[in-house]
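Right, one structure below, let's go through it.
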């Protein structure tokens, strides 16, 4: 069985949303001091690197991370090629076979330089969510930092996905992953007040 790690590395200097908390890892005690172990501490945004959004992120009455079913983030997933698309709507996905698929990951390859936050991304059209809901999709993931345009204030795709029972995984890395079927594991932390959570996302597949 082959495993693809589709998570972005969490490290000092990594790109984050403008105005968001920079990632920081510090070793607060070390074996070279007067302790027998190395102990580190983290400062980071709930949306650092590869992460999931909870509805509370954009809806003050929405569910928080702790309220979400962990099963959403584990199970069969289909990677779909969406390279060279400026936006992604029903037209781009209407010919995809969704039989038995509850999780889809869109491979856009639009985040060219992982050391820099992208200036522009392909985004989801709000009418995509009700279409996906009729197909039984419960989770959508992208290899860019948002399902909406980066300058969006109303977040129509976030809201439409939520209204249609579809959850969000953002900033995965799919460069080395071919379109097809896999098993996704991308569990969020059990954050009681969380509007989002970093995840260690992997795809598993049997060797073809």
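The residues of the range 68-91 that are under 19 Å from residue 102 (Cβ atoms) and either assigned to a loop (DSSP other than H, G, I, E, B) or out of contact with any strand residue (DSSP E or B) (no Cβ under 9 Å at 6 or more places or on another chain) (or both), listed by number, are 68, 69, 71, 82, 90.
Quick grid of which residues meet (1) under 13 Å from residue 103 (Cβ atoms); (2) surrounded by 20 or more Cβ atoms within 10 Å (Cβ to Cβ); (3) under 17 Å from the mean Cα position of the chain (by Cα); (4) free of Cβ contacts under 8 Å to residues at least 24 places away in the same chain:
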residue	(1), (2), (3), (4)
155	no, no, yes, no
160	no, yes, yes, no
172	yes, yes, yes, no
178	no, no, no, no
185	yes, no, yes, no
192	no, no, no, no
196	no, yes, yes, no
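Scanning the range 15-44 for residues that are touching a strand residue (DSSP E or B) at 6+ places or on another chain (Cβ under 8 Å), assigned to a loop (DSSP other than H, G, I, E, B) and within 22 Å of residue 65 (Cα to Cα) returns 21, 22, 23, 44.
Using the structure shown, decide if residue 72 is under 17 Å from residue 187 (Cβ atoms) and modelled with pLDDT of 95 or more. Yes: the conditions hold for residue 72.
Residue 169 meets all of the listed conditions (1) more than 23 Å from residue 23 (Cβ to Cβ); (2) touching a helix residue (DSSP H, G or I) at 6+ places or on another chain (Cβ under 9 Å); (3) not in a loop (DSSP other than H, G, I, E, B) but one, namely (1). What do you reckon, is residue 67 farther than 25 Å from residue 174 by Cα and either at pLDDT 95 or above or in contact with a helix residue (DSSP H, G or I) (Cβ under 7 Å, 6 or more places away or on another chain) (or both)? Yes.
Out of all the residues in the range 144-151, is one or more in contact (Cβ under 8 Å) with a residue 60 or more places away in the chain and in contact with a strand residue (DSSP E or B) (Cβ under 7 Å, 6 or more places away or on another chain)?
Filtering the range 144-151 for residues in contact (Cβ under 8 Å) with a residue 60 or more places away in the chain gives 145.
Subsequent filtering for residues that are in contact with a strand residue (DSSP E or B) (Cβ under 7 Å, 6 or more places away or on another chain) retains 145.
The answer is yes; a qualifying residue exists.
Scanning the range 101-109 for residues that are in contact with a helix residue (DSSP H, G or I) (Cβ under 7 Å, 6 or more places away or on another chain) and either touching a residue at least 12 places away in the same chain (Cβ under 8 Å) or at negative phi (or both) turns up nothing. Taken over the range 47-64, the criterion of being surrounded by 14 or more Cβ atoms within 10 Å (Cβ to Cβ) and farther than 15 Å from residue 201 by Cβ is satisfied by 54, 55, 56, 57, 58, 59, 62, 63, 64. Does residue 62 satisfy the criteria of being touching a helix residue (DSSP H, G or I) at 6+ places or on another chain (Cβ under 9 Å), within 22 Å of residue 17 (Cβ to Cβ) and in a loop (DSSP other than H, G, I, E, B)? Yes. The set of residues from the range 128-150 being in a loop (DSSP other than H, G, I, E, B) and either closer than 18 Å to residue 201 by Cβ or modelled with pLDDT under 95 (or both) comprises 137, 138, 143, 144, 145, 146, 147. Consider the range 85-97 and keep the residues that are touching a residue at least 24 places away in the same chain (Cβ under 8 Å) and within 14 Å of residue 179 (Cβ to Cβ). The one that is surrounded by the fewest Cβ atoms within 10 Å (Cβ to Cβ) is 85.
The values are calculated or read from the model by the stated rules, or taken from the named source; none is laboratory data. Note that the structure is a prediction, hence the values are computed from the model and not measured. Because the Cβ atoms are built from the backbone with ideal geometry, glycine has one as well, and the counts that use them run over all protein chains shown.
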